[in-house]
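Data block below; observations after.
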Amino acid sequence: MGKSENKFLNLIKSTRINRIFPTISLILFGAALANKINLDILILSTCSILLYASGGILNAIKDKDYVLPKYSKIITIILPIITILISLQNKIILFATISWIIIGFLYNMASRKILFLDNTLICITHHFIPVFFSLILLGMNIKNSLFIGTYVYLVFWFLAPIKNLNGIEKDKKLGYKTIPSTYLRGKEITLFLYYISFILMIPAYFIFKLNPIYLILLCVLFLLFLITKKIIQRKNYAAMLGIARLVISLFGFAMSISLTTNLKIILPGAFIIIFFFVALIKDL
């Protein structure tokens, strides 16, 4: 395989498309609340994938994670332009796209230099925006959409710092301000916040009037939270990140399957869960 082919494969890898799956799970949760899925939801999902791919490449360039082709920077511009063109057919999707781009830009440019700004912004782009705008697109009023989007945002605000346990020394070298790279007991603080995230998942049963399936899957989520501590002790950070993504996806799926029997919503969510379970087994 030639050097140019290697660089192209690196470009594909740098998009980290699999990392958008948890966001798709939350969009599907919005669809489950409305008990329907339509073309607008599919377009919103497509826009999120394209923008995440662009952000992934931009991160890879900034952090020098891969040897990339020279045209990589151009791709990071072309993908958002394509996304905007796609979103022009619906002003709500356009507003979501612009919000993603602006906040994503701030995340890539400044968030890691300010403590807590990292997880604050990433939870807006990956959790709040997908839920809020999917609900608006499906006809829910702004007040309820804002409440539900904010609830999901808070759940994952406490979970998000867990990703910073991977590459602590690199973060210190680059001057990134994260809990693990800033505080002496950063790992313990991060894990404490992580467990708060699980506690915040419990009220979902009452807020959304979910059925017993949610409680069963909540037990699975609890086991994943417990396993995470063991994985961290073994310093298997690849598996730790895999569990975190699985937790987000499973939370979205657990609520979705408790709200709807629509297979167009359930099957994509189930695929995402299976994907992350298989990936986790591989990491372990």
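The values are calculated or read from the model by the stated rules, or taken from the named source; none is laboratory data. Quick caveat, the model's predicted, so the values are computed rather than measured. Counting neighbours? That spans all protein chains shown, and the Cβs are built from the backbone with ideal geometry, glycine included.
Restricting to the range 256-265, give me the number of residues that are part of a helix (DSSP H, G or I) and either crowded, with 17+ Cβ neighbours inside 10 Å or of a type in the set (S, T, N, Q) (or both).
Result for the range 256-265: 5.
Between 74, 37, 78, 43, the distinction of being in a loop (DSSP other than H, G, I, E, B), at pLDDT 90 or above and more than 14 Å from the chain's Cα centre (by Cα) belongs to 37 only. Among residues of the range 237-254 that are under 16 Å from residue 123 (Cα atoms), those with a Cβ under 6 angstrom from a residue that is crowded, with 23+ Cβ neighbours inside 10 Å and of a type in the set (S, T, N, Q), sequence gap 6+ or separate chain, pair up as 249/25; 252/25.
Can you report the number of residues in the range 221-249 which are touching a Pro at 6+ places or on another chain (Cβ under 9 Å) and of a type in the set (A, V, I, L, M)?
Looking only at that region, the number is 4.
Looking only at the range 83-115, which residues are farther than 15 Å from residue 62 by Cβ and in contact (Cβ under 8 Å) with a residue 40 or more places away in the chain? Correct list: 86, 87, 89, 90, 92, 93, 96, 97, 100, 101, 114, 115. Kindly indicate whether any position in the range 97-115 is surrounded by fewer than 18 Cβ atoms within 10 Å (Cβ to Cβ), closer than 30 Å to residue 211 by Cα and out of contact with any Asp or Glu (no Cβ under 6 Å at 6 or more places or on another chain). Taking every residue of the range 97-115 in turn, none turns out to be surrounded by fewer than 18 Cβ atoms within 10 Å (Cβ to Cβ), closer than 30 Å to residue 211 by Cα and out of contact with any Asp or Glu (no Cβ under 6 Å at 6 or more places or on another chain). No other residue among 271, 276 is under 25 Å from residue 207 (Cβ atoms) and assigned to a helix (DSSP H, G or I) apart from 276.
Here is a yes/no grid of residues against (1) of a type outside the set (A, V, I, L, M); (2) in contact with a strand residue (DSSP E or B) (Cβ under 9 Å, 6 or more places away or on another chain); (3) surrounded by 18 or more Cβ atoms within 10 Å (Cβ to Cβ); (4) farther than 19 Å from residue 63 by Cβ:
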site	(1), (2), (3), (4)
165	no, no, yes, no
175	yes, no, no, no
188	yes, no, no, yes
211	yes, no, no, yes
254	no, no, yes, yes
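Filtered by the rule that a residue be free of Cβ contacts under 8 Å to residues at least 60 places away in the same chain and among the basic types (Lys, Arg), the range 255-283 gives a lone residue, 282.
Just one of (1) crowded, with 17+ Cβ neighbours inside 10 Å; (2) at pLDDT 90 or above fails for residue 231. It is (2).
If I filter the range 140-147 for residues that are closer than 15 Å to residue 33 by Cβ and not in a helix (DSSP H, G or I), do I get at least one hit?
Within the range 140-147 (the criterion being closer than 15 Å to residue 33 by Cβ and not in a helix (DSSP H, G or I)), the answer is yes, since at least one residue qualifies.
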